[in-house]
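One structure below.
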Amino acid sequence: MDIQAQLTQEFHLRPTQVDSTVALLDAGNTIPFIARYRKEATGSLDDQVLRDLSDRLTYLRSLQKRQKEILTSIEEQGKLTPELLTAIEGATTLAEAEDLYRPYRPKRKTRASAAREKGLEPLAVLLLAQQDNIDVVQEAAAFVEGDADTGDASPVKCTSIEEALQGAMDILAEDFSDDAALRKHLRQFLLRTARLTAKATDPEAETVYTMYYDFAEPVARIAPHRVLAIDRGEREEALKVSVQIEAAAAIALMKETYLISGGDETLTSHGSHYVARACEDSFARLMFPSLERELRATLTQNAAAAAITVFAKNLRQLLMQPPVKDTVVLGLDPAFRTGCKIAVVDGTGKVLDTTVIYPTPPQNKVTEATVTLTGLIRKHKVSAIAIGNGTASRESEAFVARLIQELPDTQLAYMIVNEAGASVYSASKLAAAEFPQFDVSIRSAVSIARRMQDPLAELVKINPKSIGVGQYQHDMPKTQLEEALDGVVESCVNSVGVDLNTASHALLRRVAGINESVAKNIVAYREENGVFTNRRQLLKVNKLGPKAFEQCVGFLRIPGGDNPLDNTGVHPESYGAAENLLKECGILTTKIAQGVQNLKELTQQQGLRTLAQKLNIGEPTLKDIIADLQKPGRDPRDELPKPLLRTDVLSIADLKVGMELTGTVRNAVDFGVFVDIGVHEDGLVHISQICERYIKHPLEAVKVGDVVTVWVLGVEEKRNRISLTMKKPA
């Protein structure tokens with residue numbers, strides 16, 4: 001297999017793009033570095049295409065390695081033919097290669113292997129030939145021990161003609177099951193026609209799987225989230241799951257393959273009769289159980305891949321939420337018995353104050369809590385309150401809303417913050433090292449406040465799958481999920497950039513080229529030597545060598561350093577070009593911000609191509625340099641809509657059908673989106689209610705963090721369920 005030619009075809013790219021990308025990956029370059037600083041080589045492929053190409057490259061190399069192993073094994077058996085060699089080398093999937101290997105793979109003892117030991121393979125060949133002039137029953141007599149015709153004890157051990165014929169059919173059944181072309185044909189047949197069914201283990205039991213108690217849907221159309229729900233129900237023994245197929249039609253396909261035209265399968269003395277029986281036995285006993293397991297595994301694998309894709313998109317949108325910068329935030333971690341933990345942090349995330357209040361049951365110390373919070377708000381000039389969405393969130397929200405009404409001069413507002421993973425972080429070694437003076441609950445309050453200030457900087461401290469913007473994340477293949485989510489975090493961190501002098505080691509380790517130990521070494525160097533004043537100082541950090549420097553340096557920012565270019569996305573390898581560009585504009589490097597108009601005029605006058613040639617750089621690199629020089633220290637999140645802050649609160653009892661509300665999309669799943677409308681429970685907008693046009697997935701129309709207008713469709717107060725629509729009522 002020519003892997004690079006295969007990638008060129010699959011990704012619809014030019015051969016030079018694929019060749020360059022593969023060479024860059026093999027040289028140990030990171031995806032963010034390649035995407036940002038090697039655009040000329042890759043043809044400006046974005047990081048998602050690069051990740052997909054990298055994953056496919058890994059798969060194809062694994063396939064190639066497995067093909068070599070299979071060929072070696074078959075060759076050692078002395079059974080490798082030119083036709084088989086061509087077929088195995090031409091396999092495009094691991095499943096296809098394994099199908100071709102099935103007849104040659106060492107097997108445990110089977111009915112067919114036992115029949116072969118009895119010497120019945122010639123009889124099986126005779127049956128398969130289906131010759132009209134041969135009575136196979138008479139021929140089978142020769143394979144019976146002590147045959148009358150020979151007068152001698154036969155070396156075979158069949159005791160009857162029936163046993164000999166059955167053994168020959170067992171051999172045929174296994175051979176049919178190992179037929180790679182037939183398996184492929186039947187696999188496609190099942191994908192087109194099979195139905196996934198589920199029944200209740202106990203129809204009287206009340207479980208979350210009631211909608212699947214009598215369920216059947218074609219596998220070709222079943223939604224991924226239903227597959228995952230059914231799988232979980234089966235694991236929890238609430239459901240019995242099976243695959244239903246048109247067995248007669250499938251067996252007919254097998255018979256079409258092996259029955260010779262004109263053969264009469266009804267004549268018990270004719271080979272076709274036994275070939276037909278072998279087809280039926282092969283399908284029922286060997287082929288279908290194997291294909292059913294494979295089909296279930298494929299459905300689960302595809303559903304998991306779809307869920308991981310949605311999880312990754314949701315995570316990206318959550319991490320890229322615009323920060324609430326330069327704002328003093330009060331974080332409130334709600335609780336009942338143990339009280340609400342409070343942490344006030346300044347605009348940089350530094351903790352200013354902490355305490356505990358008890359405005360919720362059973363203590364209900366509302367007056368004391370009001371006095372305490374009012375004092376903190378006025379003392380530290382708090383302008384926003386972040387409330388975790390966990391236990392007692394609704395009661396805490398009501399208390400905060402009343403407090404805001406009592407303090408009209410403060411211009412306070414609040415936001416409900418998803419606290420998923422906050423408890424995981426607060427009990428971690430990282431949190432203990434960051435806040436050794438605080439107990440676990442106070443650390444959670446700090447994390448909640450910081451999530452509002454800068455979601456990306458805070459959420460990178462938490463395992464991505466604990467952030468809670470996916471569905472069935474605990475059912476996903478662990479490695480596959482972690483790789484996908486880690487890739488999203490890496491992409492987000494590097495697209496935003498990191499302040500080298502303030503970033504935690506948790507944030508630094510997500511920068512391209514920096515691992516855990518190097519991130520800690522950067523922080524240690526900073527603490528020992530003071531702030532970095534230029535990027536070249538990174539080379540003094542222990543274990544940060546030239547290769548790591550090349551990969552990471554462009555994503556690290558130094559505001560107010562020796563060189564203003566150090567606060568941009570311009571890579572040091574392009575500093576010469578950037579400085580020459582500034583000279584062309586008559587701008588001093590120290591006056592970058594004042595020369596934006598000059599840059600625009602120069603670009604318009606000379607054109608990108610001419611300017612790039614003059615500076616001896618590629619056009620994509622020149623475009624990026626100009627963008628960075630026009631907005632030094634630019635944060636792409638600043639251009640996004642700001643998060644929705646509230647000053648009042650609703651209860652589910654306040655909701656009326658048709659009521660118009662504004663909310664924030666908290667999560668997107670296959671069947672709809674969940675929207676925070678200022679009520680303790682998020683409302684569900686079903687996919688059919690998102691927009692007028694047909695969409696296959698909610699993410700085609702909305703994303704996590706979007707502020708949307710919704711109307712109430714229905715309220716089930718007892719079940720805490722709210723149905724919403726984004727279609728304006730007529």
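The values are calculated or read from the model by the stated rules, or taken from the named source; none is laboratory data. Quantities reported herein were computed from a predicted structural model and do not represent experimental measurements. Cβ sites come from the backbone with ideal geometry, for glycine too, and all protein chains shown count toward neighbours. What goes into the accessible areas is simple: the full protein's heavy atoms, side chains included, and nothing from ligands, DNA or RNA. Shrake-Rupley method; radii C 1.70, N 1.55, O 1.52, S 1.80 Å.
Some points to look at:
- Within region 160-211, the set of residues being over 18 Å from A297 (Cβ atoms) and of a type in the set (V, I, T) comprises I161, I171, T193, T201, T207, V208, T210.
- Among the residues of region 651-661, those that are touching a residue at least 40 places away in the same chain (Cβ under 8 Å) and either acidic (D, E) or open to solvent by 60 Å² or more (accessible area, probe 1.4 Å) (or both) comprise K656, V657, E660.
- Residue within region 441-451 that is closer than 20 Å to K313 by Cα and in a helix (DSSP H, G or I) present: yes
- Residue count for region 477-506, restricted to those that are crowded, with 23+ Cβ neighbours inside 10 Å and assigned to a loop (DSSP other than H, G, I, E, B): 2.
- Residues of region 120-139 classified as outside any loop (DSSP other than H, G, I, E, B) and out of contact with any Leu (no Cβ under 8 Å at 6 or more places or on another chain), total: 6
- Taking the listed residues D638, D648, the one that is over 30 Å from the mean Cα position of the chain (by Cα), modelled with pLDDT under 85 and open to solvent by 20 Å² or more (accessible area, probe 1.4 Å) is D648, with no other qualifying.
- In the set (1) under 17 Å from T298 (Cβ atoms); (2) crowded, with 16+ Cβ neighbours inside 10 Å, the condition left unmet by P218 is number (2).
- For the residues A422, A392, A431, the requirement of being free of Cβ contacts under 8 Å to residues at least 40 places away in the same chain and open to solvent by less than 10 Å² (accessible area, probe 1.4 Å) singles out A431.
- Where a residue in region 127-155 is at positive phi and at pLDDT 90 or above and its partner, wherever it lies, is of a type in the set (A, V, I, L, M) and surrounded by 15 or more Cβ atoms within 10 Å (Cβ to Cβ), with Cβ under 8 Å and at least six apart: Q130/L259; Q130/V275
- Count of region 670-689 residues which are in a loop (DSSP other than H, G, I, E, B), out of contact with any strand residue (DSSP E or B) (no Cβ under 7 Å at 6 or more places or on another chain) and open to solvent by 50 Å² or more (accessible area, probe 1.4 Å): 1
- Residues of region 714-730 that are closer than 17 Å to H680 by Cα and open to solvent by 40 Å² or more (accessible area, probe 1.4 Å): V715, E716, E717, K718, R719, N720, R721, S723.
- Selected residue (only one of R187, R226, R235, R195 is under 27 Å from K696 (Cα atoms), open to solvent by 40 Å² or more (accessible area, probe 1.4 Å) and out of contact with any strand residue (DSSP E or B) (no Cβ under 8 Å at 6 or more places or on another chain)): R187
- Exclusive hit being under 23 Å from L556 (Cβ atoms) and either open to solvent by 30 Å² or more (accessible area, probe 1.4 Å) or part of a helix (DSSP H, G or I) (or both), set L63, L84, L80, L50: L50
- Residue-level check: of (1) part of a strand (DSSP E or B); (2) more than 30 Å from V493 (Cα to Cα); (3) not hydroxyl-bearing (S, T, Y), K727 misses just (1).
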